[in-house]
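Structure, as structure tokens:
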Amino acid sequence: MSQDRAARSHAYLTAVTQEIEKKLQRAVASPSHRLKLLQELFADIALEVDDRAKDIILSKDEDAICPAANGSANYLCFYDVLSDHFVSVPEDGKPILDLIVKLWSQSFASNIFSLLFHKWLFEVQIEDSEVLLRYSSALIQGATNVFWIDIQTNTRHFQSLFRYLLEDVALDQKQLTKIAQQAQRNLFLLLSRFIIFYNSVDKLESFLNQSPDFPNSFLVGGPADIFVIELADQLQKLKVEPVLLHYLSQMKVLQGLELRMTSSTRLKACLYSFTSPGGPMYPTRVVRHAAWDTLDSLFPVGQYPRHLISLFFRLLYPWVCCS
């Protein structure tokens, strides 16, 4: 990037950070409008960068390889460029961080923190263990919230955040140990729930190998067991059909995982709950077929008796309803 273009990009991002600071100051000063202001700010930084802004921010080389420009499912959003900016120019981010800390208890505060400061957190040295735990917890909470927004809308606006946390943090032991130990475990649980959604199952083996130590592992099992437990819980919370179908279609990657009997049974029961019409899951016909397909792929032993029993109960279902 030429010096003139770099200066223009820096000036643009500095102006954006000043606007963010002003909105946060208004939120601090106006309790009655706080929620609305934070919600607006979150929406602003989650927006996809338009072509005009992209021309200012990115060099020609960067623009050529920009995910949004090459038609992939990724997006280049304002939080992407701002999170990089706060790493390279931390003095621009400090006033914003101080204001977010004043708003910790408010909705959207952790979301904004996770989007703007997820890279910064791993580039600074924080000596105060309480502050580190607070920042780490806000990162996990905010990331959880924004990933669920993607789930509910079946979009991938926050995929770059997920991939950073997976590839640059969870798979890098040096980076992972920069956050509090409890946060390391919570990060593993969080990524376990969304790794399928964000199409990163090719990293699953490495991810499980880098799992932090869990104090209750002697009860629930190893990383694979913990992963499967989180995945089963996630499946039962999914209400968006295309998302649920995506999870079910990708779960065949679990073939070959060594699981405890309790974890295996839990996964099998979860999948089985999607194979029958009615409560508690009320799956559609296409979901039921996908669940059967995944169940038979992961647990081929006993598939014929399972289908026979299912058919038997479906035939009896009208009589059961009337009894």
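Quick note: the coordinates plus some simple rules give every number you see, no bench work behind them. Model, not experiment: these values are computed from the prediction. A quick note on method: Cβ atoms are made from the backbone with ideal geometry, for glycine too, and the neighbour counts reach across all protein chains shown.
What to note about this one:
- Restraint check, LYS203/LYS252; LYS94/LYS174; LYS23/LYS54; LYS36/LYS102; LYS23/LYS102; LYS22/LYS102, Cα-Cα greater than 21 Å: LYS94/LYS174; LYS23/LYS54
- Computed from backbone phi with θ = phi - 60° and the Karplus coefficients 6.51, -1.76 and 1.60, the 3J(HN,Hα) list for region 178-190 is 6, 9, 4, 4, 5, 5, 4, 5, 5, 5, 4, 5, 4 Hz; x is used for glycine and proline.
- For the chain, the longest principal axis of the alpha carbon atoms and the long axis of helix 34-46 meet at an angle near 90°.
- Theoretical gain in end-to-end length, ALA7 to SER276 [0.36 nm per residue, Cα-Cα removed]: 90.7 nm
- Sequence ranges 244-252, 278-286, 162-170, 8-16, ranked by mean other-Cβ count within 10 angstrom, highest first: 162-170, 244-252, 8-16, 278-286
- Other-chain or far-sequence residues with amide H under 5 Å of CYS77's (modelled H): VAL49
- Comparing region 180-222 with the 2.2 N^0.38 Å rule of thumb, its C-alpha radius of gyration ratio is 1.19 (two decimals).
- A simple spin-label model places the labels of ASP233 and GLU21 4.0 nm from each other, with each point 7 Å out along Cα-to-Cβ.
- Size estimate for the chain follows the Kirkwood approach: the inverse of mean 1/r over distinct Cα pairs works out to 22.0 Å.
- Nearest-ten-degree value, helix 3-29 long axis tilted from longest Cα axis of the chain: 70
- Look at the alpha carbon pairs under 8 Å that are at least 6 residues apart: their mean separation over the length of the chain gives a relative contact order of 11 percent.
- For region 186-218, backbone nitrogen atoms closer than 20 Å to the point 7 Å from ASP172 Cα along Cα-to-C-beta are found at 186-192, 195, 200-213.
- Evaluating 6.51 cos²θ - 1.76 cosθ + 1.60 at θ = phi - 60° for every residue in region 164-175, the Karplus couplings come out as 5, 5, 6, 7, 9, 10, 4, 8, 10, 4, 5, 6 Hz, glycine and proline recorded as x.
- Basic side chains Lys and Arg get +1 at the Cβ, acidic Asp and Glu get -1 at the Cβ, and with that the dipole of the chain about its Cα centre reaches some 1260 debye.
- The three principal axes of the Cα atoms in region 123-220 give end-to-end lengths of 38, 29, 24 Å, sorted in falling order.
- Under the Karplus curve 6.51 cos²θ - 1.76 cosθ + 1.60, θ = phi - 60°, whole-Hz ³J(HN,Hα) for region 131-145, x wherever Gly or Pro sits: 5, 4, 5, 5, 5, 4, 5, 5, 4, 5, 5, x, 4, 4, 4
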